[in-house]
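Trainee: Have a look at this one before I ask anything.
The values are calculated or read from the model by the stated rules, or taken from the named source; none is laboratory data. Keep in mind the model is a prediction, meaning the values are calculated, not measured. All Cβ positions, glycine included, derive from the backbone under ideal geometry; neighbour counts span all protein chains shown. Calculation scope for accessible area: heavy atoms of the full protein, side chains included, ligands and nucleic acids excluded. Shrake-Rupley method; radii C 1.70, N 1.55, O 1.52, S 1.80 Å.
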Amino acid sequence: MKVVVCVKQTPSTTAVFRVQNGSVRWDDPGGKPNVVNPWDEYAIEEAIRLQEKHGGDAIALTMGSEESKEALKTALAMGCTEAVLVADEAFEGSDTLGTAHVLAAAIRHQQDVQVAVFGKQAIDGDTGQTTIQVAVKLGWTPLTFVSEIKELDPDAGTITVERLLEGGKETVSSRLPVVISVVKEINEPRYPSFMGIRKANRAEIPTLTAADLDLDAGSAGKAASKVDWANVYELPPRDTSVEIIEGDTVEEKVKKLAERLLAEKVI
Amino acid sequence: MSGVWVWIDHAGGKLAAISLEVLGVGRKVADGLAQPLTALVTGSDVQGVADAAFNYGADAVLGADDPSLADFRVEAHGPLVAKLAQEREPVVLIAGASTRGRDLSAWVAAELDAGLVPDGIDVEISDGKVVVTRPVYAGKLLADVQVTDGLQVISVRSRALPPAAETEGSGEAEWVDPVVAEDDLATKITGFESSAGKVSLTDARIIVSGGRGVGGPEGFEPIRELAQVLGGALGASRATVDAGWIPYEHQVGQTGKTVSPDLYIASGISGAIQHQAGMRTAKVIVAINTDPDAPIFKLASYGIVGDLFEVVPALAEEFRRRLGG
Ligand SMILES: Cc1cc2nc3c(=O)[nH]c(=O)nc-3n(C[C@H](O)[C@H](O)[C@H](O)COP(=O)(O)OP(=O)(O)OC[C@H]3O[C@@H](n4cnc5c(N)ncnc54)[C@H](O)[C@@H]3O)c2cc1C
Ligand SMILES: Nc1ncnc2c1ncn2[C@@H]1O[C@H](COP(=O)(O)O)[C@@H](O)[C@H]1O
């Protein structure tokens, strides 16, 4: 069975952001400003597990710059069997719709894929919309917020999953192919092995361009984007300085705190 | 193009809490653009939902009432809303950023190649466009975003915007047929395990959270008790979830839930940047921690430096007395 996992390289969770002349810059106190989107680690793990169980390939795919090959190397080091970078100047400045067009075309390009796995959301844009949009562009069934793959039969072409929703857990069956997004409950991502890292460092990662994917100019990139993101700014500082509640006894402190909270009308 | 549409999320014949907020935003946008407000109601046995939408300010209700729409399956509801939007060309479509609203808005935008702005926390009208303020980079930055061309599809985050006021509205809903027949739907929902009865974190007005400072699974007892006294929900840091002290559904933060309660009480939580990402928009934050230098105090409005095992039970007792519970 062929499984594709879409991964994105994002700023690290500890990155510190600044906006300068309208463009966003970041740095990381730990010296590693970019990482695999944390949610995508669960997607990579699930793709590898499917490959281990059903054979075939687990192909990691990212749309991004040359530098985002690092994310693909992590996927390979964890155990993906192949990785593909999708990169073209024409893709720069894509909105989620443009990204979905490109990823759908790249998945189609792999041929005979039965499951495409996505993370719940990317921690940069925090949109969590790409999964559905890729499914619509492919004409496949989307299954979002998956917390467990209960059954998958590549020959019968069926899958049953559990989805984690606000009100509870839903069990749903579908025909393949599907595009799924996974939540953290689904698994515990493995660490890359030493051998895996060596293999990943030697791997040749092919690049697909707009021409390879037969994409017309109007479907992705800045010109095609229908969303104007230009106005990004730093948060106004939280307009509170903390009041440390003092008192001789715990009872006195909690009494004061209770009075403050009742006065704030939050209780 | 004309009209402002809101998609109504509902369960058990009732409007979901977020739908009142969506109707509130819809009213504001509709008034700002001088357009009528239409509520989209899709489901099965939803006449009551339609009536409720009129009662919360919708000028019109449009939708479909059919057994194939009983469960929320985006592949049934999405194409229906997309087809209606294509035929009738509204200016704006707004949904709540719940799991369902997210899926629905993304589907419609993809099918119609429309611009999509998810997860708004504020909306303003400027030059006939809806400008949506939304957090990006885990809430470390904000962006004012707008759709440049054609239908504007927007979703708004739970508890960010005021709910619609109840009015004495009434009207006749317009019902159309579903667009995908049951046999053509690829999915079947075969089970649902409800977590009803528990207070949902994203809807909660008050959240009491515990971190590694609780020391173990039993350490959550006083936290749980305070949450109960205050009628709030129970939250947790990732450290406690990873340690297996409490299930993941309680995790607040960048890889857990993003919450925006009126009151957030963090006990034994250091306030790591990833935890902050999930709770920094709370109106009032209280920190209880033995370490006066814990980063959580930089974010808090009120702090008590002390042992949570003394402070939290005392606080529960104090409120039990005051609230008479
Ligand atoms: C990719 C990534 C994603 C992450 N996502 C999240 C997320 O979604 N949510 C999240 O919470 N974290 C997340 N983290 C983890 C985060 O970095 C912190 O490790 C975590 O939040 C720490 O949890 P804590 O505050 O409970 O524990 P600690 O940092 O260990 O803090 C415990 C605190 O308890 C205090 N304390 C101890 N005993 C007592 C007592 N008796 N009374 C009062 N106070 C006491 C201590 O002074 C200390 O401040 C993420 C990390 C990464 C790398
Ligand atoms: N540029 C990209 N390349 C590969 N996968 C992506 C890209 N952007 C988003 N994704 C996938 O889509 C998921 C949701 O992203 P988003 O909709 O941006 O929050 C991510 O977790 C990834 O799995």
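Trainee: What aspartates and glutamates could a cross-link reach from A:Lys222, if we take a straight Cα to Cα line under 17 Å and drop same-chain neighbours fewer than 8 places away?
Mentor: Within reach: A:Asp88, A:Glu89, A:Glu92, A:Asp95, B:Asp113, B:Asp149.
Trainee: By a straight-distance test (C-alpha under 16 Å), which lysines pair with A:Lys32 as possible cross-link partners, with residues fewer than eight away in the same chain excluded?
Mentor: List returned: A:Lys8, A:Lys69, A:Lys73.
Trainee: Relative to the longest principal axis of chain A, what angle (0 to 90°, nearest 10) does the C-alpha long axis of helix A:69-78 take?
Mentor: The helix A:69-78 is inclined about 80 degrees to chain A.
Trainee: In segment B:4-184, what percentage of the DSSP-assigned beta bridges are antiparallel, given to the nearest 5? Intermediate values should be presented prior to the final figure.
Mentor: On the way: 12 of 36 bridges.
In segment B:4-184, DSSP labels about 35 percent of beta bridges as antiparallel.
Trainee: Considering the options A:Gly221, A:Tyr233, A:Val113, tell which one lies farthest towards the positive end of the dipole of chain A, charges being +1 on Lys and Arg and -1 on Asp and Glu at the Cβ, about the Cα centre.
Mentor: A:Val113
Trainee: Only protein chains counted, 1.4 angstrom probe. Which residues of segment B:87-128 are at least 30 Å² less accessible in the assembly than when their chain is isolated?
Mentor: The answer is B:Thr99, B:Arg102, B:Asp103, B:Ala106, B:Trp107, B:Ala110, B:Asp113, B:Leu116, B:Pro118 - residues whose exposure falls by at least 30 Å² when every protein chain is included.
Trainee: Which net charge results for the neighbourhood of B:Ala165, defined as the other residues with beta-carbon distances under 14 angstrom from its beta-carbon, given Lys and Arg at +1 and Asp and Glu at -1? Kindly include the intermediate steps, with their values, before the conclusion.
Mentor: On the way: positive: B:Arg27, B:Lys28; negative: B:Glu21, B:Asp31, B:Glu166, B:Glu168.
That sum, taken over residues with Cβ under 14 Å, equals -2.
Trainee: Calculate the radius of gyration of the Cα atoms of the protein assembly as shown to one decimal place, then report Dmax, the largest Cα-Cα distance, as a whole number, both in Å.
Mentor: 24.0, 74
Trainee: For peptide B:302-312, what's the mean number of Cβ atoms from other chains within 10 Å of each residue's Cβ?
Mentor: Values: counts 10, 5, 9, 4, 5, 1, 0, 0, 5, 5, 2.
Average per residue, whole number: 4.
Trainee: Which shape class, rounded, prolate or oblate, goes with segment A:2-224 when its Cα gyration tensor gives a ≥ b ≥ c as root eigenvalues, a/c under 1.5 marks rounded, and past that a/b bigger than b/c marks prolate?
Mentor: Values: a/c = 1.36, a/b = 1.26, b/c = 1.08.
Since a/c stays below 1.5, the shape of segment A:2-224 is classed as rounded.
Trainee: While we're on this one: Nearest-5 percent of antiparallel DSSP beta bridges in chain A? Can you show the working numbers first?
Mentor: Details: 22 of 47 bridges.
About 45 percent, rounded to the nearest 5.
Trainee: Provide a whole-number value for the mean count of partner chain Cβ atoms within 10 Å of the Cβ atoms in peptide A:169-176.
Mentor: On the way: counts 6, 10, 6, 9, 6, 6, 4, 1.
Mean shielding count: 6.
Trainee: Looking at chain B, how many pairs of lysines come closer than 19 Å at the Cα, when each pair is eight or more places apart or spans two chains? Walk me through the numbers on the way to the answer.
Mentor: Details: B:Lys14/B:Lys198; B:Lys28/B:Lys129; B:Lys140/B:Lys257; B:Lys140/B:Lys283; B:Lys140/B:Lys298; B:Lys198/B:Lys257; B:Lys257/B:Lys283; B:Lys283/B:Lys298.
Summing the qualifying lysine pairs gives 8.
Trainee: While we're on this one: Run the quick spin-label model on B:Ser126 and B:Thr167: label points 7 Å from Cα toward the beta carbon, then report their separation in nm to one decimal.
Mentor: Distance between the two pseudo-spin positions: 2.8 nm.
Trainee: Related question: Have a look at B:Leu15, B:Pro162, B:Gly43 and report the one farthest towards the positive end of the charge dipole of segment B:4-184, computed about the Cα centre with Cβ charges (Lys/Arg +1, Asp/Glu -1).
Mentor: B:Pro162
Trainee: To the nearest 20 Debye, how big is the dipole of segment B:4-184 about its Cα centre, given +1 on the beta carbon of each Lys and Arg and -1 on that of each Asp and Glu? Could the numbers behind the result be given before it?
Mentor: Values: 13 positive and 29 negative charges, 181 e Å.
Rounded to the nearest 20 debye, it is 860 debye.
Trainee: In nm, to one decimal, how far is the modelled label at B:Ser2 from the one at A:Tyr191, with both set 7 Å along Cα→Cβ?
Mentor: 6.5
Trainee: Additional query: Over chain B, what is the relative contact order in whole percent, taking alpha-carbon pairs under 8 Å and six or more residues apart?
Mentor: Values: 717 pairs, mean separation 46.2, N = 325.
Once divided by the residue count of chain B, the mean separation gives 14 percent.
Trainee: Shifting gears a bit: Based on the alpha-carbon gyration tensor of segment B:206-323, what equivalent-ellipsoid semi-axes (square roots of 5 times the eigenvalues) come out, in whole Å, largest first? Show your work: numbers first, answer last.
Mentor: On the way: eigenvalues 68, 48, 41 Å².
Each semi-axis is √(5λ); the values are 18, 15, 14 Å.
Trainee: Is there a simple number for the mean count of other chain Cβ atoms within 10 Å of the Cβ of residues in A:247-260, and what is it? Please report the intermediate quantities before stating the final value.
Mentor: Working: counts 2, 0, 2, 10, 5, 1, 9, 13, 5, 3, 11, 8, 2, 4.
Averaged over the peptide's residues, the number is 5.
Trainee: Could you compute how fast chain B diffuses translationally, taking Rh as the Kirkwood radius over C-alpha pairs and applying Stokes-Einstein at 4 °C with viscosity 1.567 mPa s? Give it in µm² per second. Walk me through the numbers on the way to the answer.
Mentor: Numbers: Rh = 21.1 Å.
It comes out at roughly 61 µm²/s.
Trainee: What does the convex hull of the alpha-carbon atoms of segment B:4-184 project to on average, in nm²? Intermediate values should be presented prior to the final figure.
Mentor: Working: hull surface 39.0 nm².
Over all viewing directions, segment B:4-184 projects a mean Cα-hull area of 9.7 nm².
Trainee: How far is it, in nm, from the label point at B:Glu182 to the one at B:Arg320 when both lie 7 Å from their Cα along the line to the Cβ?
Mentor: Between B:Glu182 and B:Arg320, the simple spin-label model gives 5.2 nm.
Trainee: Another question about this same structure. A:Asp155 to B:Glu174: FRET efficiency via 1/(1 + (r/R0)^6), r the Cβ-Cβ distance, R0 60 Å, to the nearest 0.05? Mind dumping the intermediate values first?
Mentor: Values: r = 46 Å, r/R0 = 0.76.
For R0 = 60 Å, the calculated efficiency reads 0.85.
Trainee: Determine the share of chain B's accessible area contributed by carbon and sulfur atoms, expressed in whole percent, with a 1.4 angstrom probe. Numbers along the way, then the final one.
Mentor: Numbers: 5790 of 12100 Å².
About 48 percent, which is the carbon plus sulfur part of the accessible surface.
Trainee: Sticking with this structure for a sec: Please arrange B:Trp5, A:Trp229 by accessible surface area, largest first, computed with a 1.4 Å probe and ligands excluded.
Mentor: Values: B:Trp5 10, A:Trp229 85 Å².
In descending accessible area the options line up as A:Trp229, B:Trp5.
Trainee: Also: Mind ordering A:194-203, B:201-210, B:47-56, A:258-267 by average Cβ neighbours within 10 Å, highest first?
Mentor: On the way: A:194-203: 13.7, B:201-210: 24.3, B:47-56: 20.8, A:258-267: 15.5.
So the peptides A:194-203, B:201-210, B:47-56, A:258-267, ranked by packing, come out B:201-210, B:47-56, A:258-267, A:194-203.
Trainee: Keeping every protein chain present and rolling a 1.4 Å probe, give me the accessible area per residue for segment B:206-323 in Å². Don't skip to the end; give the middle numbers.
Mentor: On the way: 4120 Å² over 118 residues.
Ligands and nucleic acids excluded, the result is 35 Å² per residue.
Trainee: A follow-up question, please. Only four residue types carry charge here, +1 at the Cβ of Lys and Arg and -1 at the Cβ of Asp and Glu. Report the dipole size of the protein assembly as shown about the Cα centre in Debye, rounded to the nearest 20.
Mentor: Details: 55 positive and 85 negative charges, 258 e Å.
Here the protein assembly as shown has a charge dipole of around 1240 debye.
Trainee: Just to make sure I understand: if all protein chains stay in place, what is the order of B:Arg159, B:Arg224 by accessible area at 1.4 Å, largest first? Display every interim value, and only then the final one.
Mentor: Numbers: B:Arg159 55, B:Arg224 90 Å².
The ranking, largest first, comes out as B:Arg224, B:Arg159.
Trainee: For chain A, what does the relative contact order come out to in percent, with C-alpha contacts under 8 Å and a separation of six or more? Spell out each step's value before the answer.
Mentor: Details: 523 pairs, mean separation 60.5, N = 267.
Relative contact order comes out at 23 percent.
Trainee: With helices defined as uninterrupted DSSP H runs, which ones in chain B have an alpha carbon span along their own long axis of at least 24 Å and mean Kyte-Doolittle hydropathy of at least -0.5?
Mentor: Details: long enough: B:17-33 (25 Å, 0.86).
Span-like helices in chain B: B:17-33.
Trainee: Can you compute the charge dipole magnitude of segment B:104-244 about its Cα centre, using +1 on each Lys and Arg Cβ and -1 on each Asp and Glu Cβ, nothing else charged? Give it in debye, rounded to the nearest 20.
Mentor: 1060
Trainee: While we're looking at this one, here's another question. With unit charges on the beta carbon (Lys/Arg positive, Asp/Glu negative), name the residue among A:Pro192, B:Leu308, B:Gly57 whose Cα is farthest towards the positive pole of the charge dipole of the protein assembly as shown.
Mentor: After comparing all options, I get B:Leu308.
Trainee: Can you compute log10 of I(q)/I(0) for segment B:72-120 with the Debye formula, treating each Cα as one identical point scatterer, at q = 0.15, 0.22, 0.29 Å⁻¹?
Mentor: Treating every Cα as an identical point scatterer, log10 I(q)/I(0) equals -0.33, -0.72, -1.22.
Trainee: Then there's this: Taking all protein chains together and a probe of 1.4 Å, list A:Thr207, B:Thr187 from the most accessible to the least accessible. All intermediate terms of the calculation are to be shown ahead of the outcome.
Mentor: On the way: A:Thr207 60, B:Thr187 5 Å².
Putting A:Thr207, B:Thr187 in descending order of accessible area: A:Thr207, B:Thr187.
Trainee: Might you work out the accessible area of B:Glu89 for me, using a 1.4 Å probe with all protein chains in place, and round it to the nearest 10 Å²?
Mentor: 100
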